[in-house]
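The next block holds one structure in the form of structure tokens; read it before the comments.
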Amino acid sequence: MNKGNVTPTSIKLLFNNEKLEIMKVLCLLYALRQKRKKKIKIDEIIYYYSLVNFEFKSMKINSERKWVASNIKLLRFQTRINHILLLMKHMGFISINGYVSDRVGDIKVILKTDGKEFFEENESKFFEELKENYLLTIDEITYDSKRMKKMKEGSRWNV
Amino acid sequence: MILNKLVVMGSQYKRTILFKKHFNIIQGEATSGKSLILKLIDYCLGKSSKIEAKVQKELLYKCDQVFLEITIGNENLTLNRSLIDRFTKISIYFCPFEKIEEYTPKTVDIKDAMKIIMNKLQVNEVKLIRHQKHSTNKQIDTVSFRDLFRYVYINQHELGTNDFLGKSKPFKAVKNPYAFKMIFDLVDNDEESVKERLVDVVNQINKLKKETVGLESYLQDLDASDKIVQQSKLDEIYSEIESHIESKNRVIVSSEEKSNRNEENRMYIKLKKDISQLTNEISDYTDQKRHIRMAIDSKKILLNEYNSEMNDINETLNINYQINIDNQTIECPLCNSKINQNLHEDFNKEENSERILNRIKNQISNKIKLVNELIKDEYKNIEELDKKISILSTKHSIFDGAIRKFSRKVDVPYLSQIESLNSIINSLEREKETLTEGLRIHNKIEEKGNLISDLESEEERLKNKINQLSIDYGFKDDIFYYLNEHYRAYMRRLKYSVTEGTYIHIEKMIPFYEEASVYSHDSGGLLECMQISFLASILKSKSVGYASGHPGILMLDSISKYVGTLEGEDKLEDRIKDPEVYEEFYKILEELSENNQIILVENTPPSSYSRMYSQYTFYKGEKGLIDESFNEYVLNK
């Protein structure tokens, strides 16, 4: 049945849970939309998604706020975001506009009404909390490409 | 200075020639070796050229060294010089000739030997600046004993000739006026060297004073300026160290005594062992506790992970049916190319997905349960350990109390006492070292102070000397007045008419007759008279205290050369025809010999003088100086 693929499903799901990921990205776009951001760069999506979901813990070291990054998960997410967005577009949740020559991170994504409605229908407690998290993070931290770089590096950085 | 004896010596031959204090005549035939005696004296007193082997065959055949015993002041010296090698060295024995076996000689270069003789005569050498030979460069030349000696020894090739006082050798003749000044203590260019020495001394004093100031400030920094205070502190510290060492010894002794109480010791040792064992056990248990806590913490983290996984699975279940990912091709919005969906996860097939997800959910909840159970167990373990630890701690405190009471009786901790005494002693020792250093510096300062006062007194002397050096022209005039008077008197005695033109020149310091100097005249007889009168007047002035630099010896070789004999000779104008003049020479010499040593070498002296003063008569061949019948090796046997 599995053709030599012995990984148990639970572990596969840990790494590749497409439906959940789609829902989480949708949640993020919804939250961003609430903050009056219509067109969102893919880089920003990666940025905020990683901050909230990948245990970017804030620690107080020497009374300074330092963010500890789990950069592996970020990088892995980076490889998957394209596929996720394609699926979302296919399902009609978002619209993507751009040219072949554009840099992937700069391509803008717009949440469609269908996507908005879908999210509101399926919003559970889990996603409510997630949305709140997103909102807080968007308030606290603005998108900064330098920080993005540092997150990818995996170094600690100050807020 | 007086010459006592001349000894020629070889391995097989030895002969001594004795000299009397006053008038000595050595007579003999030609080539009998009489002039050789004077030459050997000259050789011992530093003549630079050696005795020629080809000329003095007998001498160098039998002898290889020569000794000259002299008396300077009240000191006896024996000068030794080899005839065959080491021509530049003279050995000086500071003893009479008989005692040279008991003494080690001072072997020096000729120059240094001359310096030593000059020192003994209490005459300072004078330095001149002159041009080097064949060059425009200058060099320092010293007016030494050899230049004085030209006024003492007139050999037969100089007497009665224009070569008087080495005139034919310009480098030597230029020093004659200076030698003359040295004889009469008229030297004025000593002032330069005295000033040099004064500057040297003052500089040395300043340097020493600076060093002293430096040392004193160092002492001040050490706070050790007062020597007496330092010394008393040092004594105090010595006694303190003593007492501490004593008490330390006492402690050591008593601790050795007390350690002989065996039973009490054993109990104490057992108590100590038990206590350490307890402490070890307690720390073991505490370690275990720590490990368990760490395990619990990591399990809690794992639990968190499982919980979030559980949440994810739940949500996945919820939205599983809502989101449909179908198997169609997807179009890329940018480039519009078609992408095939590869669904190889079989849970995406709807029939299985819910079941699979539920199974997973169960698995996770089982895991969560398991971990919780494990955590509970760990907590139980911790509790048990805590109980054990508390029991042991109470035991430990009981033992501790017991040992404290025990050690109050036993008085065991000597070690700490000894250690504290040692540290006190060490710090005292260090202090002692600092104090001794301070005292050493005090002593050094004293030493330098003594040296400074010595140098300061020398400075005084030198300053006085400079003051005295300003030439007393009156003094010079007096000398020349005296010299001229006697020079003229002697010339008159030698039957020359004395006019204004007969004098000793005050600047050139040579005799003149009829306005012409001793280097201008030709007549041998006249020259001889002038020269002998000149030398005689110098010697005569010694009796009134002038010419203190003159050794008081006159060595003349063959004064009869220019005296005409009864056997007809040619060039009679050059000769002294008057035999009375010849007698007069001897009279003059005899007079001078009262206060000076005269050594005269002559073929045929007048018989009266010969009888009185002639000790040695040499004959030609083997009856001369080298005469086997006088060989002292043979005679002494």
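Per-residue Cβ counts within 10 Å, from other chains only, averaged over B:354-365: what number is that? The partial results should precede the final answer.
Numbers: counts 0, 0, 3, 3, 0, 3, 6, 1, 0, 3, 1, 0.
Mean inter-chain Cβ contacts per residue within 10 Å come to 2.
Take the Cβ-Cβ distance between B:Lys463 and B:Asp64 as r, set R0 to 56 Å, and report the resulting FRET efficiency rounded to the nearest 0.05.
Calculated transfer efficiency: 0.65.
Sort the stretch B:181-329 into rounded, prolate or oblate with this rule: let a ≥ b ≥ c be the square roots of the eigenvalues of the Cα gyration tensor; rounded if a/c is under 1.5, and if a/c is not under 1.5, prolate when a/b is larger than b/c, oblate otherwise. List each step's numbers first, then the result.
Values: a/c = 7.55, a/b = 1.93, b/c = 3.91.
Oblate, since a/c reaches 1.5 and b/c is not below a/b.
Please compute the average number of Cβ atoms from other chains found within 10 Å of each residue's Cβ in peptide A:122-132.
On the way: counts 5, 0, 4, 3, 5, 3, 0, 1, 1, 0, 0.
Averaged over the peptide's residues, the number is 2.
Just give me a number: lysine pairs in the stretch A:90-159, eight or more positions apart or cross-chain, with C-alpha atoms less than 26 Å apart.
14
Which FRET efficiency value, to the nearest 0.05, is calculated for B:Thr329 and B:Ser365 with the Förster distance at 30 angstrom and r the Cβ-Cβ distance? Before the final figure, lay out the partial values.
Details: r = 39 Å, r/R0 = 1.29.
For R0 = 30 Å, the calculated efficiency reads 0.20.
Go through B:Ile418, B:Ser390, B:Leu435 and say which Cα lies farthest out towards the positive end of the charge dipole of the stretch B:358-467; charges sit on Cβ, +1 for Lys and Arg, -1 for Asp and Glu.
Going by the charge dipole, the pick is B:Ser390.
For chain B, treating each Cα as an identical point scatterer without solvent, what Debye log10 I(q)/I(0) comes out at q = 0.08, 0.12 1/Å?
Treating every Cα as an identical point scatterer, log10 I(q)/I(0) equals -0.82, -1.27.
Run the helix sum for the protein assembly as shown: -39,500 (n - 2.57) per DSSP H stretch of 4+ residues, divided by residue count, reported at 222 nm to the nearest 500 deg cm²/dmol. Intermediate values should be presented prior to the final figure.
Details: 23 runs with 443 residues, N = 796.
About -19000 deg cm²/dmol.
Return the subset of A:Lys41/B:Lys361; B:Lys20/B:Lys50; B:Lys248/B:Lys432; B:Lys172/B:Lys207; B:Lys39/B:Lys495 for which the Cα-Cα distance in this structure is over 30 Å, preserving the input order. Provide the component values of the computation, followed by the final result.
Numbers: A:Lys41/B:Lys361 35 Å; B:Lys20/B:Lys50 27 Å; B:Lys248/B:Lys432 19 Å; B:Lys172/B:Lys207 41 Å; B:Lys39/B:Lys495 32 Å.
Pairs exceeding 30 Å: A:Lys41/B:Lys361; B:Lys172/B:Lys207; B:Lys39/B:Lys495.
To the nearest 100 Å², how much accessible surface do chains B and A hide from each other in total, with a 1.4 Å probe?
Its buried surface, counting both partners, is about 2700 Å².
If eta is 1.306 mPa s and T is 10 °C, what Stokes-Einstein diffusion coefficient results for the stretch B:1-128, Kirkwood Rh from Cα pairs, in µm²/s?
On the way: Rh = 15.3 Å.
Rounded to a whole number, D works out at 104 µm²/s.
Leaving out ligands and nucleic acids, note down the accessible area per residue over the stretch B:574-637 with a 1.4 angstrom probe, in whole Å².
Values: 3530 Å² over 64 residues.
Accessible area per residue: 55 Å².
Can you work out D for the stretch B:94-243 in µm² s⁻¹ from Stokes-Einstein, where Rh is the Kirkwood radius over C-alpha pairs, the temperature is 37 °C and the viscosity is 0.692 mPa s?
On the way: Rh = 21.2 Å.
Stokes-Einstein gives a translational diffusion coefficient of 155 µm²/s.
Given +1 on the Cβ of Lys and Arg, -1 on the Cβ of Asp and Glu, and no further charges, what dipole in debye does the protein assembly as shown carry about its Cα centre, rounded to the nearest 20? Provide the component values of the computation, followed by the final result.
Numbers: 123 positive and 123 negative charges, 812 e Å.
Around 3900 debye, computed over the protein assembly as shown.
Can you give me the distance in nm between label points at B:Val544 and B:Glu75, each placed 7 Å from the Cα along the Cα-to-Cβ direction?
Taking the two extended label points, one gets 3.2 nm.
Just tell me which aspartates and glutamates come within less than 14 Å, Cα to Cα, of B:Lys367; anything on the same chain fewer than 8 places away is out.
B:Glu305, B:Glu309
How many Å² of accessible area per residue for the stretch B:16-149, probe 1.4 Å? It would help to have the intermediate numbers written out before the result.
Numbers: 6960 Å² over 134 residues.
With all protein chains present, the stretch B:16-149 gives 52 Å² per residue.
Defining a contact as two alpha carbons under 8 Å apart and six or more residues distant in sequence, what relative contact order in percent does chain B show?
On the way: 769 pairs, mean separation 161.0, N = 637.
Relative contact order of chain B: 25 percent.
Let me know the mean shielding of A:6-17 by other chains, meaning the per-residue number of their Cβ atoms within 10 Å of its Cβ. Write out the running numbers ahead of the final one.
Working: counts 0, 0, 3, 10, 10, 1, 3, 9, 4, 0, 1, 5.
Counting other chains' Cβ atoms within 10 Å and averaging over A:6-17 gives 4.
Could you sort B:140-147, B:206-213, A:102-109, B:549-556 so that the peptide with the highest average Cβ count within 10 Å comes first and the rest follow in order?
Values: B:140-147: 20.0, B:206-213: 13.5, A:102-109: 15.2, B:549-556: 22.1.
Ranking, from highest mean packing down: B:549-556, B:140-147, A:102-109, B:206-213.
Would you mind estimating how fast the protein assembly as shown diffuses translationally, via Stokes-Einstein at 37 °C and 0.692 mPa s with the Kirkwood radius over Cα pairs, in µm²/s? Mind dumping the intermediate values first?
On the way: Rh = 41.4 Å.
Answer, rounded: 79 µm²/s.
Skip the ligands, DNA and RNA, and give the accessible area per residue of the stretch B:449-534 with a 1.4 Å probe, whole Å². Please report the intermediate quantities before stating the final value.
On the way: 4330 Å² over 86 residues.
Value returned for the stretch B:449-534: 50 Å² of accessible area per residue.
Expressed as a whole percentage, what fraction of the accessible surface of the protein assembly as shown belongs to carbon and sulfur atoms when a 1.4 Å probe is rolled over the protein heavy atoms? Each step should come with its number before you reach the end.
Values: 21870 of 44710 Å².
The C+S portion of the solvent-accessible surface of the protein assembly as shown is 49 percent.
Give me the net charge for the shell around A:Gly105: Cβ to Cβ below 10 angstrom, other residues only, Lys and Arg +1, Asp and Glu -1.
Working: positive: A:Lys41, A:Arg103; negative: A:Asp43, A:Glu44, A:Asp102, A:Asp106.
With Lys, Arg at +1 and Asp, Glu at -1, the net is -2.
Which entries of B:Lys111/B:Lys463; B:Lys14/B:Lys623; B:Lys542/B:Lys587 show an alpha-carbon separation above 22 angstrom in the structure shown?
B:Lys111/B:Lys463
The values are calculated or read from the model by the stated rules, or taken from the named source; none is laboratory data. Please read all numbers here as calculations on a predicted model, not as lab measurements. All Cβ positions, even for glycine, are placed from backbone atoms using ideal geometry, and neighbour counts span all protein chains on display. Please note that ligands, DNA and RNA were not included when accessible areas were found on the heavy atoms of the full protein model with its side chains. Shrake-Rupley method; radii C 1.70, N 1.55, O 1.52, S 1.80 Å.
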